[in-house]
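Since the structure comes first, as structure tokens, the remarks are kept for the end.
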Amino acid sequence: MIDIQTFMLALGIGNISFALLMVAYIRDTAPSPGLRIWTWARLVAGATQLLAFARPQLGVPALVLLEPMGWIAGLALEVAAYCTFFEFRNWRRIVYPLAGLALLLGCTAQLMGAGYGELMGLIACVFALCALSTACLLLHPKLKNPSLLQRMIGVNDAVFGLAIAGWALGDLDLGASISQMAAYVSGYMLMIVNGFGFLLMCKQRNDATMKRLASTDDLTGLLNRREFFARADAARMLALRQRQPIALLMLDIDHFKQLNDRFGHATGDEALLLFARTTGGILREHDILGRMGGEEFAVALPGTDLAGAMQAAERLRQATMEIRLLTCGNHYTMTVSTGLVVIEPNEDLPAALARADRGLYAAKRNGRNRIEIGGAVRQAA
Ligand code: GH3
Ligand code: MG
Ligand code: MG
């Protein structure tokens, strides 16, 4: 069995290495919420562990008081990092007083002449409480879609909490025992799993944000042009395999420039948002709606033939006329022109969109606020 000093040295080196890597990472990157605090937590925890390793040899009395302060501060920072990451409001009201109380308890125990083992037992109890609370937080069934990663960290926290509580309550003399071994192993795992785990949670969230930004339109939240193409093409190929029809609509709001010129760009933006919401609300769940740019939108309707697509386009046309845009106390109404095609089996998506676009131009030419079917494939070519 390794002694506690060696164990503290190993943990200290691990945490300081984590912290230094994160300092270098944060220097050149905009860090995720909580990552800066997490780095401080690692740094403080690592420094305290190195202090715990060196203190008996140094023999400086003041360091006896510094050690519990370091443990509690590191722990409080770790909890703060989690709270910031999960966007819990008011965490300061809970974490600060509890950290203060734990600090007071630690210092009082020191001043009353508690031995090292008793002090470590007290600190271990605080650690166990925090680890079990964090585990409850990460494994809470009400947490929105906890990822497998979150659950793994939660389980690890729970195991550490139980192991360290068993050690603190059952064996305060730091002798070789199973509970001490369990505390050592779970403590080491905590450093590794929580260290990498927190970073991976940040990465997971950043990846999801990047994916959302790369695939959706900022203003309306609809699919952007690129993502619309990708999904519509996948739907086209599926429809082809299943011998199902798939229709395509190109929609363009009429005289949108006038609306912008008369009421300003902000009102124009609001009109686009309302149009997107209205259209999204009317379509079926598996229909694919995207903003192609400006005031142009496209819809892919899997499993829909010409008659069905005509009905859907008409519903969209009617609903657009019912949108009421409140501008300077007046209700402004909009209309939309639509080009419609059913994708031919031997036709690719850009060609089908070009045909739908021809239908759209025909609708504009023929007076707007109407639906026109794009020409046949050969005609379009
Ligand atoms: P038409 O009936 O022929 O479609 O005429 P239109 O005025 O709708 O079409 P035009 O292409 O002349 O004008 C489109 C306008 O849409 C011009 C551009 O400033 C505006 N626009 C494009 N993107 C945005 C946006 O994100 N927000 C706002 N507010 N306006 C936009
Ligand atoms: Mg327009
Ligand atoms: Mg346009």
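Of Thr278, Thr304, Thr338, which residue is in a loop (DSSP other than H, G, I, E, B) and at pLDDT 95 or above? Step through it out loud before you land on a result.
On the way: Thr278 fails: in a loop (DSSP other than H, G, I, E, B); Thr338 fails: in a loop (DSSP other than H, G, I, E, B).
It is Thr304.
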- [ ] Give me a count of the residues in region 262-294 that are touching a strand residue (DSSP E or B) at 6+ places or on another chain (Cβ under 7 Å), within 16 Å of ligand 1 (Cβ to nearest atom) and over 18 Å from Asp218 (Cβ atoms).
- [x] 1
Open item on the list: Considering only residues that are more than 16 Å from His331 (Cα to Cα) and within 14 Å of ligand 3 (Cβ to nearest atom), which ones fall in region 256-267?
Closed with: Lys257
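Would you please name the residue that is farthest from ligand 3 (Cβ to nearest atom), looking only at residues in region 218-230 that are buried (at least 17 other Cβ atoms within 10 Å of the Cβ) and within 14 Å of Val299 (Cβ to Cβ)? So that I can check it myself, show each step before the final result.
Residues of region 218-230 buried (at least 17 other Cβ atoms within 10 Å of the Cβ): 220, 222-224, 227-229.
Among the residues that remain, those that are also within 14 Å of Val299 (Cβ to Cβ) are: 220, 222-223, 227-229.
Working: Thr220: 15, Leu222: 16, Leu223: 18, Glu227: 20, Phe228: 16, Phe229: 18 Å.
By that ranking, first place goes to Glu227.
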Open item on the list: Restricting to region 262-273, name every residue that is away from ligand 2 (no atom under 15 Å from the Cβ) and either under 25 Å from Val341 (Cα atoms) or not in a helix (DSSP H, G or I) (or both).
Closed with: Gly264
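Hey, could you check region 358-374 for residues that are crowded, with 20+ Cβ neighbours inside 10 Å and at pLDDT 95 or above and say which is nearest to Arg315 (Cα to Cα)?
Narrowing region 358-374 to residues crowded, with 20+ Cβ neighbours inside 10 Å: 359-360, 363, 371-374.
Narrowing further to those that are at pLDDT 95 or above: 359-360, 363, 371-373.
On the way: Gly359: 18, Leu360: 16, Ala363: 16, Ile371: 11, Glu372: 14, Ile373: 16 Å.
Checking each candidate, the answer is Ile371.
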Open item on the list: Condition first: away from ligand 1 (no atom under 11 Å from the Cβ), without any contact (Cβ under 8 Å) to a residue 24 or more places away in the chain and assigned to a helix (DSSP H, G or I). Now tell me which residues in region 238-261 satisfy that.
Closed with: Arg241
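The values are calculated or read from the model by the stated rules, or taken from the named source; none is laboratory data. For clarity, every value in this text was computed on a predicted model and none was experimentally measured. Positions of Cβ are backbone-derived with ideal geometry, glycine not excepted, and every protein chain shown enters the neighbour counts.
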